[in-house]
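Colleague: First the structure, then my questions, so here it is.
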Amino acid sequence: MGMDKTQKIKMPMTAKTIPMICSWCKKLYDYKTWQVDESRRTGVSHGMCQDCLNKQNAKIHDPESRQNKKDKPE
Ligand SMILES: [Zn+2]
């Protein structure tokens, strides 16, 4: 029985398409192609989808969502 346990599969891994998952809503929102080294293993990447990005931007720019200041400067 000559089963080779350490069989190495060689694949051309110069460019790889990986799914992008939003770390906020866990939605798979994009695919990204990037260069990878054979020595490095690249898995699923996490980021932020446009929806959540807009929500966060709206929160930042919306003064109502900020801490309510009781003392308003005139
Ligand atoms: Zn999202």
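Colleague: Measure off 7 Å from each Cα along the Cα-to-Cβ vector at Asn57 and Ser23, then give the distance between these two points in nanometres to one decimal.
Modeller: 1.9 nm
Colleague: A follow-up question, please. Search the structure for amide H atoms under 5 Å from the amide H of Met48, placed 1.01 Å from N in the peptide plane, and list their residues when 5 or more places away or on another chain.
Modeller: The answer is Ser23.
Colleague: While we're looking at this one, here's another question. Separation between the Asp30 and Lys16 pseudo-spin-labels, each 7 Å from Cα along Cα→Cβ, expressed in nm?
Modeller: Here the answer is 1.9 nm between the modelled labels.
Colleague: Counting Lys +1, Arg +1, Asp -1, Glu -1, what net charge surrounds Cys52 among other residues with beta carbon under 11 Å of its beta carbon? All intermediate terms of the calculation are to be shown ahead of the outcome.
Modeller: Working: positive: Lys26, Lys27, Lys55, Lys59; negative: Asp51.
Here the count lands on +3.
Colleague: Report, by chain and number, residues whose modeled amide H sits under 5 Å from the one on Met20, excluding near sequence neighbours (fewer than 5 apart, same chain).
Modeller: When sequence neighbours closer than 5 places are left aside, the close amide H contacts are Tyr29, Asp30, Tyr31, Lys32.
Colleague: Count charges around Cys25 for me, please; just the other residues with Cβ under 15 Å from its Cβ, Lys/Arg as +1, Asp/Glu as -1.
Modeller: Details: positive: Lys26, Lys27, Lys55, Lys59; negative: Asp30, Asp51.
Spelling it out: positives minus negatives among the neighbours equals +2.
We did not get these values from a lab; they are worked out from the coordinates using the rules stated. Computed from a predicted structure; not experimentally measured. We place every Cβ from the backbone using ideal geometry, glycine too, and count neighbours over all the protein chains shown.
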